[in-house]
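As structure tokens, the structure follows; a few thoughts come after it.
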Amino acid sequence: MDDTQDISDILSTLNVPGEDWFRQQLYEQVSGKKVVFFGASGTGKLALRNKRSDIHVDCFSDNDPDKWNTSFEGYKVISPEELVSGISEYSVFITSHFYDDISAQLKRMGIEESDISIIYHNTERNRQYFDFLSNHKDSIKRVCSFLSDDLSKKTLKNMILARLGHYRRDTVASASIQPQYFLREFHAKDFQVFIDGGAYIGDTLEEFIGLYGGEFQNYYAFEPVKHHLISIEEILAGKPYEFTEKVRIIPKALYSEETKLCFEECSEGASHISDSGTNRIEAVALDNLEIQPPTFIKLDVEGSELKALNGMSNVIQKYRPALAVCIYHKWQDIFEL
């Protein structure tokens, strides 16, 4: 299939894999071992519902200590350490969207790659996405028309295929071997004043430091989750003052206005604004802050990218910074943003 193939051709030639495909795709390595699902969450529930009838799940494992030694969908939840201690008896299937991080974690803990599989397929969700594409063909075709390079077209195609269930989602990342935000098309001057919207645990900050050292003017890290802020501070703790004085940590979320929002903290890194959230966080519009004129703005704010962009429209129009905005949290982001 040509990487530049039109989206309408993709929709007309691809089908959503059926449940039989899903049920037969995995579980080949079980060979009498006990099956453990890692991820006591929504994906775990779907994995239970769609698993092959002859596969018997022994238990779940999860990184959340509050879930250990409790029951999830009728199955005991064990800690990762307990899982590792009995790994000779287990075959592990990751039932989480954060399979890359969990897979790396399990390997660091000594579990062989051959004992780890990833359940990423969700036939109901795939069908919903197929319907979404069908209903928004014109909008997505318009997005395709804006893309001038083959890499962008390939990435878009892989993203669509992944959500339809034909590729693993890490196929999307493999379309480009460049750093996520620091593409070779940009130069050091583009990162002189860097806005890190959704600084998380400081992963972007660490990458920034590795690439540019102290050759920048200002770095503004926006992150509302308290335990994530601790990680960012630990990264800065070992740096010289000449460096850290240029990094400003702002414990707020970027948004369309200054307000307080309900927030749901998730153990696997997908904390997000939610009406059902039990935590309250402060949010701010970039337009209302006194900062140096930004040259680069990164936004990964778990589905609130459009709100954040609305709150920085004046800054963008006035200073014309480079933008790196995540468009994968909501299906419609690809054409709304």
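State whether one or more residues within the stretch 243-260 are assigned to a helix (DSSP H, G or I) and either more than 20 Å from Val301 (Cβ to Cβ) or not acidic (Asp, Glu) (or both). Among the residues of the stretch 243-260, at least one is assigned to a helix (DSSP H, G or I) and either more than 20 Å from Val301 (Cβ to Cβ) or not acidic (Asp, Glu) (or both), which makes the answer yes.
Of the residues Ile209, Ile249, Ile235, which is in contact with a strand residue (DSSP E or B) (Cβ under 6 Å, 6 or more places away or on another chain) and not basic (Lys, Arg)?
Matching residue, one of Ile209, Ile249, Ile235: Ile249.
No other residue among Lys67, Lys33 is among the charged types (D, E, K, R), modelled with pLDDT under 80 and in contact with a strand residue (DSSP E or B) (Cβ under 7 Å, 6 or more places away or on another chain) apart from Lys33.
Pairs are defined by a Cβ separation below 8 Å, a sequence spacing of at least 6 or placement on different chains, a first member in the stretch 209-231 that is in a strand (DSSP E or B), and a second member that is of a type in the set (S, T, N, Q); the pairs so defined are Asn218/Gln192; Asn218/Gln292. What number of residues within the stretch 52-77 satisfy the criterion of being under 25 Å from the mean Cα position of the chain (by Cα) and either under 15 Å from Ile94 (Cα atoms) or of a type in the set (Phe, Trp, Tyr) (or both)? Result for the stretch 52-77: 8. All but one of (1) out of contact with any Phe, Trp or Tyr (no Cβ under 8 Å at 6 or more places or on another chain); (2) modelled with pLDDT of 80 or more hold for Gln24; state the number of the condition that does not hold. With respect to (1) out of contact with any Phe, Trp or Tyr (no Cβ under 8 Å at 6 or more places or on another chain); (2) modelled with pLDDT of 80 or more, Gln24 is out only on (2). When Gly110 is tested against the conditions (1) at pLDDT 85 or above; (2) within 30 Å of Leu229 (Cβ to Cβ); (3) assigned to a loop (DSSP other than H, G, I, E, B); (4) not β-branched (Val, Ile, Thr), the lone failure is (2).
Looking at Phe93, is it touching a residue at least 12 places away in the same chain (Cβ under 8 Å), in a helix (DSSP H, G or I), more than 30 Å from Pro179 (Cβ to Cβ) and not basic (Lys, Arg)? No; evaluated as a whole, the condition is false for this residue. Among the criteria (1) exposed (fewer than 15 other Cβ atoms within 10 Å of the Cβ); (2) without any contact (Cβ under 8 Å) to a residue 60 or more places away in the chain; (3) of a type in the set (S, T, N, Q), the one Ser256 does not fulfil is (1). Scanning the stretch 93-111 for residues that are farther than 14 Å from Val36 by Cβ and over 19 Å from the mean Cα position of the chain (by Cα) turns up Lys107, Arg108, Gly110. Checking Arg168, Arg184 one by one, the residue that is modelled with pLDDT under 80 and closer than 30 Å to Phe37 by Cα is Arg168 and no other.
The values are calculated or read from the model by the stated rules, or taken from the named source; none is laboratory data. Note that the structure is predicted; figures quoted are calculated from it, not measured. Heads up, the Cβs are rebuilt from the backbone with ideal geometry, glycines too, and the neighbour counts pull from every protein chain shown.
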